[in-house]
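One structure is given here, and the rest of the page talks about it.
We did not get these values from a lab; they are worked out from the coordinates using the rules stated. These numbers come from a predicted model, not from an experiment. Counting neighbours? That spans all protein chains shown, and the Cβs are built from the backbone with ideal geometry, glycine included.
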Amino acid sequence: MIRNSLAGFLLPTTALSLSTNTLPLPVSAFLGPWLLLALLVVAPLSLAAVSNSAGQSTSQSTTADGGTRKVPIVRFHAWGGSAQVNGYLQWVAEQVKQRFNIELQHIKLADTSDAVSRVLAEKAAGNHHNGSVDLIWINGENFAAMKKHNLLSRAWVEELENFALTNPRYNTAMTTDFGEATLGMEAPWGKASMVFYYRSAHMKSLGLMPPNTIRDLLRFSQKAPGHFTYPVPSDYLGISFIKFAVIVLNREHQSLFYQPVTAESLQTVLPALWAYLDALHPTMWQAGNYMLRQASQLQRLVSTGELTLAFSFTASEIPSAVTRFDLPEDVRTYVMQDGSLANVHFIGLTYNSSNTEAAKTIVNFLLSPEAQAEKQKLAVWGDDTVLDMSILPKGQQALFENDTIHDSALDKSQQTMLLPEPHASWTDALRDAWYARYGARY
Amino acid sequence: MFAQTTLITRWCLLLLLCIPVLAGLVGVVFPALGYFPAIGANTFSTAVFIALFSLDDVWQMIWLSLFTGLGSTLVAIAGAFFILATFYQSAMLGKIQGILSPFLVFPHAAAAIALLFAFSPSGLFARIAAYASDVSLPSSGGGVFPYDAFGISVLFALSLKELPFIILMALSVMSQPLMQKKLTGFAKVGTTLGYSPVACFFKLVVPAIFAQIKLPILAVLVFATSNVEIPLILGPNNPSTLAVAIMHWFNHIDLSMRLLASSAAVVQIAVSAVALLLFLGIECITKHIGKRSLVSGKRQFVDGAVQMFGVAIIAFYVILISAVVYIVLTYSVATQWPFPALFPDGLTLLHWETAVGALAAPLMNTVLLGVGVSTSSLILVLFTLESEQLRPASTYAAKAFTLSVFFPLLVPGVAFLYGLVWFQQLVLQSAVWFHTYIAHMVYVVPYVFLSMAVAYRKFDNRYAMVAQSMGKTPWQVFFQVKLPSMLYSIVVAWALGLAISFSQYLPTLLASGGTIPTVTTEAVASASGSSTRLTAVFVIIQAVLPLIGFVIAWCVPAIVVKTRGKSAPALKDKSRKGVLHGA
């Protein structure tokens, strides 16, 4: 009985078995006051009991041998604002269910820091073994924060068979997250670099060309005020734009960005950035008074036509958004001659996960050539693989061959200069300096 | 026995409402005073408050919260009274309730998104304007709506959302049998003395009903000063309202920001309290001035202007709701839709397929939670109300009780919900469904109570007396006389509970830690996403879900009455309350 209703709560699709637990409530209203009151008291309590035993049963299942019926549940907390990513994770969930009999739950976050706070709250309350977050999709400062507060499991990545395929010994980007050593706390999942995209029809009617350098961008925005904006720096894409600008505007100080930031180095690079942004802001969308909180809104505004030019960290999302009518057909993608900011994103395993084995199995699957190739398909997600093509067998390399090219897609035949992310300490320093200068903007 | 049971239920209800809120408050007050061991803060001090008030923008945030909250409540009250003054004696009243009800049941997030669809520089009205004036690119902002620095768009959206609620509250008071008799008498006397209907309304009706709708209005005021969804979607962010800042600080990557967030949450309580005081002050002044106007002998009350406003507001709602329905429905099936065309290039079901595929599980969760929460809060409320009649408390205790029912509505949600999560981590940490259930109950019970209390007061107690004189036990009176005759109100209250549970965003997200996705959490997440079309689908689903509850509320009594055969009270009851609730 308890098992039945338990299954109902955890797997809503099989919730038919629940009828025993919930339906009596309204029906019993005709039975008598005592039964009614009893139910009233029992219903919430049984809910508590049920969800309590739910937590335990999942943890038992990891220690139980494969012969038992119980299905371990892995909760993957990942940003849920993109239909492609969600679709891909649905595919992954089906695959791991079939192959390993693991239930993968994608917890869709509006903001990854929600999950970081969740784990911290659990740690604060002394929940060290039965956390509600198993896997988490992170990089940059969310990782830095989790590392600082010891919220991640250590040295588990090296155990994964497929991790070797990323060639970590030669490819240090796989073990470095924005200049921070990952210490085996998170496994690489995908690669991204910054691209710009624009409405070609709007450019035509404005009589302008898409800007090719950061200086060009300012001239463009001055000639056509209101057609460009960037999100506030608490957003990932917002801070990326600022990093891109500060690196490009300080060509002569490049080496500073790849060491931990100091007051001195910050003061060296900021004047050029401020001069630039001071000139740019009044020419932006909403005259720079209101700035977007989330990058995904950039795409929405390009779609409605309020913006003409925007940028993204996933080149592939542009053509796939066009095919889903979320961007108009006149959108074109390109990389600025100034270069393109590039980084890797990771999956972390929390220190208090109760399903570490199942979670590792899933991450290992995510790193398999098959799952990585599926992810790289333009029609699916289009996220670049982290596997090292040179060490893959020919047969597996073939999995990654490109599908048909879309008008709005980035022309990958052109050489682009990749700008590595600055050391992680720069993120906070730049953001704080930005907020100090331009206001809180929450 | 039965009486005792109901008494116990009453206490259960009290505890259920107060414990989570108090626990939540403790959970924010400690960090606000600098005590948060998880990040190594172990000493009590006022340093956090000092840090908070040293921020440049904090006063501006406080001002924005006060201005939008108080302003929207005053505007909504004025609008509601204009409409009532214009139509209170007209047969149109029922229809007007029908017109306003979409905004009543619409979750706040959905309403804000819908307004964005209509009013943004690329929205429907801009398209119409551009179409007329042959402009090819949408304007690049700088207008008043949305995101204006003064919070006018927030104020506007909040008033639109509050007005129908205030009308509903006023009407439910006005249609209580005793009150109705009294007011009809008043109006007759007023008319005989030559007062215009509008003047009768403001001089005779308003003073008579205001005391009874004051508490719900105060709840609205607290809600408006601390709401997160609407200023988040429509408000400025340089700076934003205090509530939005609190949410961002709580979610900030830098975990030490939680101290700041907690202290700001305490300040938020103070802001809401100041808003309440200001409101009570304004009420006092109005009363004072009003008294003079009462005896001035003027037979008119700027009738023309009031009636014009009343009609204009209704007309505005009609236009707005038609526009929103059109653009949201069309976006949900649109292929490419370039500005400023009024129709998309083509239609597709792609967005619906995407959404429906992703929504099966959240939908199940939403319905499970909603039905469980609404049903159990209905039972609790019915027993509590019955206990009030069986064992009437002293007037003082009764007042205290009513106030405590409103307690969760009078404490800003952003202030106690984060603290509640901390508390829930200490007790039964993995009982996620239970915690979410409790968090929903806290918000659903007060509304179900409000809705049922009206029906209970309206119940003609002579039926009960007759039954009792025939030797029926209190339980039999309750179960066989009262419940059937109030069936319609009961199902409406149940549907209302369902709607409130469906619309909870912050409570669901925080209490479940995101492990119980519901339609509303998915919708808000999608609003932060990149697809306008998918958001449109979510808005529709969010709007339709609560309606299903109300449709059930319509059908059930009819069916039950049919099977019961000759239950005259239920029929009569329904016909009367159809005008009242209108949904």
Cβ-derived FRET efficiency at R0 35 Å, B:Phe44 paired with B:Val544, nearest 0.05 = 0.10
Only helices at least 27 Å long along their axis, Cα-based, and averaging -0.5 or more on Kyte-Doolittle count here, so list those DSSP H runs from chain B.
-> B:2-32, B:58-87, B:152-174, B:206-226, B:257-294, B:303-332, B:350-390, B:432-458, B:532-564
Taking the alpha-carbon centroid of each part, what is the distance from the stretch A:256-308 to the stretch B:79-135 in angstrom?
-> 36
Using only the Cα atoms of the stretch A:122-201, build the gyration tensor, take square roots of its eigenvalues as a ≥ b ≥ c, and label the shape rounded, prolate or oblate: rounded if a/c is under 1.5, else prolate if a/b is larger than b/c, else oblate.
-> oblate
In nanometres, the difference between 0.36 nm per residue of separation and the alpha-carbon distance of A:Met417 and A:Met209 is 72.8 nm
Distance in nm between A:His129 and B:Ser256 label points, each 7 Å along Cα→Cβ, equals 3.4
Pull up the cross-link candidates among the lysines for B:Lys188, meaning alpha carbon to alpha carbon under 28 Å and not fewer than 8 places away within one chain.
-> B:Lys95, B:Lys203, B:Lys214, B:Lys287, B:Lys291, B:Lys298, B:Lys458, B:Lys572, B:Lys574, B:Lys577
Global geometry of the stretch B:57-315, whether rounded, prolate or oblate, following the gyration tensor of its Cα atoms and the 1.5 cut on a/c | oblate
Sort the following peptides by mean Cβ neighbour count (other Cβ atoms within 10 Å, averaged over residues), highest first: A:246-258, A:330-342.
-> A:330-342, A:246-258
May I ask you to sort B:Thr330, A:Thr308, A:Thr283, A:Thr262 by Cβ crowding, counting other Cβ atoms within 10 Å and putting the fewest first?
-> A:Thr262, B:Thr330, A:Thr283, A:Thr308
Anisotropy class of chain B from Cα gyration tensor, a/c 1.5 cut | rounded
For the stretch A:237-385, what D do you get in µm² per second when you plug the Kirkwood radius from alpha-carbon pairs into Stokes-Einstein at 20 °C and 1.002 mPa s?
-> 115
Starting from the Cα-Cα distance between B:Ala305 and B:Ser90, subtract it from 0.36 nm times their residue separation and give me the gain in nm to one decimal.
-> 75.6 nm
Rounded to the nearest 20 debye, dipole of the stretch B:57-315 from Cβ charges on Lys, Arg, Asp, Glu | 1240
Taking A:Lys377 as the anchor, which lysines have their alpha carbon closer than 27 Å to its alpha carbon, excluding any fewer than eight residues away along the same chain?
-> A:Lys97, A:Lys108, A:Lys191, A:Lys360, A:Lys394, A:Lys412
Inter-label distance, nm, simple model (7 Å from Cα along the C-beta direction), B:Tyr463/A:Tyr258 | 8.3
Roughly how many whole Å is it from the C-alpha centroid of the stretch B:304-320 to that of the stretch B:1-62?
-> 42
Obtain the nm distance between the two label points defined at A:Glu357 and B:Met1 by a simple spin-label model: each point lies 7 Å from its Cα along the Cα-to-C-beta direction.
-> 5.3
Averaged over peptide A:107-120, how many Cβ atoms belonging to another chain are found within 10 Å of each residue's Cβ?
-> 6
Which FRET efficiency, nearest 0.05, do B:Arg391 and A:Arg154 yield, Cβ-Cβ r, R0 51 Å?
-> 0.25
Could you give the length gained on full extension between B:Ile559 and B:Leu277, defined as 0.36 nm per residue of separation minus the Cα-Cα distance, in nm?
-> 96.7 nm
Peptide ranges B:478-487, A:201-210, B:116-125 listed from the most packed, as the mean C-beta count within 10 angstrom indicates = B:116-125, B:478-487, A:201-210
Towards the positive end of the charge dipole of the stretch B:57-315, with charges on Cβ (+1 Lys, Arg; -1 Asp, Glu), say which of B:Pro102, B:Val244, B:Met61 has the farthest Cα.
-> B:Pro102
What relative contact order, as a whole-number percentage, does the stretch B:415-543 give when Cα pairs under 8 Å and 6 or more residues apart are counted?
-> 32
At R0 = 41 Å the Cβ-Cβ FRET efficiency linking B:Leu483 and B:Val318, nearest 0.05, sits at 0.65
Each residue of A:435-441 has, on average, a number of other protein chain C-beta atoms within 10 Å of its C-beta equal to 4
What's the exposure ranking of A:Trp79, A:Trp91, going from fewest to most Cβ atoms within 10 Å?
-> A:Trp91, A:Trp79
When the charge dipole of the stretch A:316-442 is computed with +1 at the Cβ of Lys and Arg and -1 at the Cβ of Asp and Glu, the Cα pointing farthest to the positive end, of A:Trp381, A:Ala342, A:Trp434, is that of A:Trp434
Taking the highest mean first, how do the peptides B:10-17, B:70-77 order by number of other beta carbon atoms within 10 angstrom per residue?
-> B:70-77, B:10-17
With only Lys, Arg, Asp and Glu charged, each at its Cβ (+1 for the first two, -1 for the last two), find how big the charge dipole of the protein assembly as shown is about the Cα centre; round to the nearest 20 debye.
-> 4700
From the phi of every residue in the stretch A:86-100, what ³J(HN,Hα) in whole Hz does the Karplus formula 6.51 cos²θ - 1.76 cosθ + 1.60 yield, where θ is phi - 60° and glycine or proline is x?
-> 4, x, 4, 5, 5, 4, 4, 4, 5, 4, 6, 5, 5, 7, 10
